[in-house]
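Working notes for the structure below.
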């Protein structure tokens with residue numbers, strides 16, 4: 001019997017060698033490799049600058065601060081997402097406004113999203129769940145229609161002149177919509193390079209943005225650097241220049257920079273990322289082909305105007321309830337296949353229940369959750385593992 005984990009990182013000797021080179025260089029923290037990683041990411045996404053940070057959560061946190069969002073402000077977020085999409089709203093003192101899913105969809109109900117925009121709304125955080133890019137045309141149309149309600153605070157908000165679209169692109173590096181890469185679609189985008197992501201640095205993340213009128217991209221980049229390194233005007237690498245020890249602290253900011261050790265892994269992975277995405281596509285196409293005749297549905301990764309990064313294969317066991325879904329996961333585990341669930345909607349979690357959210361107010365999110373299972377999907381899967389996963393799932397579906 002095979003044992004197929006839910007995830008296994010795609011690490012080769014190339015990454016091992018890259019990390020070894022950094023260790024031998026004796027420069028371990030943020031330095032030249034991180035700067036090369038940022039430049040390579042910007043080139044890949046089609047933007048002018050990218051700021052590498054130590055997590056997607058902190059990338060979004062810094063973006064919220066850069067936008068000047070704080071107490072008294074509201075930020076719209078889907079109810080069907082991981083906590084990191086929402087927790088940073090509390091971190092800056094703002095109030096989250098959760099939106100239910102559209103019927104039979106993992107995306108927000110965009111009509112409800114538009115209705116929720118008011119004078120206090122400062123940002124919307126769409127989530128590219130599973131690597132599928134959201135309908136940003138619909139989102140931008142909504143914020144443009146509500147532009148008359150927007151009350152800007154600070155220069156960045158004034159430049160936008162409307163509610164900011166701050167994408168949670170934790171899953172969607174390499175995805176695109178209408179030929180535009182994730183990272184260049186929303187006003188701001190925040191990526192994750194956590195160990196289970198398509199491209200990993202172990203822990204890590206990055207922020208990207210579309211150029212803003214009246215702002216130099218280098219200046220915005222420097223703001224991220226200040227926010228991520230205590231408000232210090234020089235990073236450690238800059239201070240190695242002869243006589244360049246002196247620095248200033250402009251504000252008592254935060255500590256969330258990315259190291260050269262982590263960046264070496266990411267830069268190495270980015271160099272072979274397209275082949276990793278190709279392997280994911282092969283796996284998803286095989287899953288779809290084998291499962292299409294059963295009473296199941298899945299997050300659709302293939303459509304005419306968008307390309308998915310194929311991060312997660314979300315499968316719905318149509319007609320099943322939570323208990324049947326959970327039994328399905330247990331039975332798969334007995335056969336050596338590890339399944340998962342993405343996600344338990346935020347209003348079901350203690351942190352959000354105690355803040356007044358109730359799952360009864362989000363019936364479509366609950367309907368998506370109650371019969372969802374996520375199949376293993378990673379670029380280092382062997383053909384035997386892929387086939388074994390599907391054979392196991394098919395056998396369980398045939399039993400009913």
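Below are the figures for this structure:
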read-out	value
Residues located in the range 6-37, provided they are assigned to a helix (DSSP H, G or I), surrounded by fewer than 22 Cβ atoms within 10 Å (Cβ to Cβ) and either touching a strand residue (DSSP E or B) at 6+ places or on another chain (Cβ under 9 Å) or at pLDDT below 95 (or both)	35
Residue ID - nearest to the chain's Cα centre (by Cα), chosen from residues in the range 159-173 that are surrounded by fewer than 24 Cβ atoms within 10 Å (Cβ to Cβ) and assigned to a loop (DSSP other than H, G, I, E, B)	162
Test for residue 328: is it at pLDDT 95 or above, surrounded by 15 or more Cβ atoms within 10 Å (Cβ to Cβ) and outside any helix (DSSP H, G or I)	no
Test for residue 140: is it in contact (Cβ under 8 Å) with a residue 12 or more places away in the chain, within 27 Å of residue 300 (Cα to Cα) and in the same structural domain as residue 88 (by TED's automatic domain parsing)	yes
Test: residue in the range 260-270 that is part of a loop (DSSP other than H, G, I, E, B), assigned by TED's automatic domain parsing to the domain that holds residue 28 and touching a residue at least 24 places away in the same chain (Cβ under 8 Å)	no
Scan of the range 331-351 for residues that are in contact (Cβ under 8 Å) with a residue 40 or more places away in the chain and outside any loop (DSSP other than H, G, I, E, B), ordered by number	331, 332, 337, 340, 346, 347, 351
The lone exception for residue 43 - which of (1) under 20 Å from the mean Cα position of the chain (by Cα); (2) in contact (Cβ under 8 Å) with a residue 40 or more places away in the chain; (3) part of a helix (DSSP H, G or I); (4) surrounded by fewer than 22 Cβ atoms within 10 Å (Cβ to Cβ) it fails	(2)
Count - residues of the range 183-220 that are over 20 Å from the mean Cα position of the chain (by Cα) and in contact (Cβ under 8 Å) with a residue 24 or more places away in the chain	8
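The values are calculated or read from the model by the stated rules, or taken from the named source; none is laboratory data. This structure is a prediction, so every number in the text was calculated from the model and none was measured. Because the Cβ atoms are built from the backbone with ideal geometry, glycine has one as well, and the counts that use them run over all protein chains shown.
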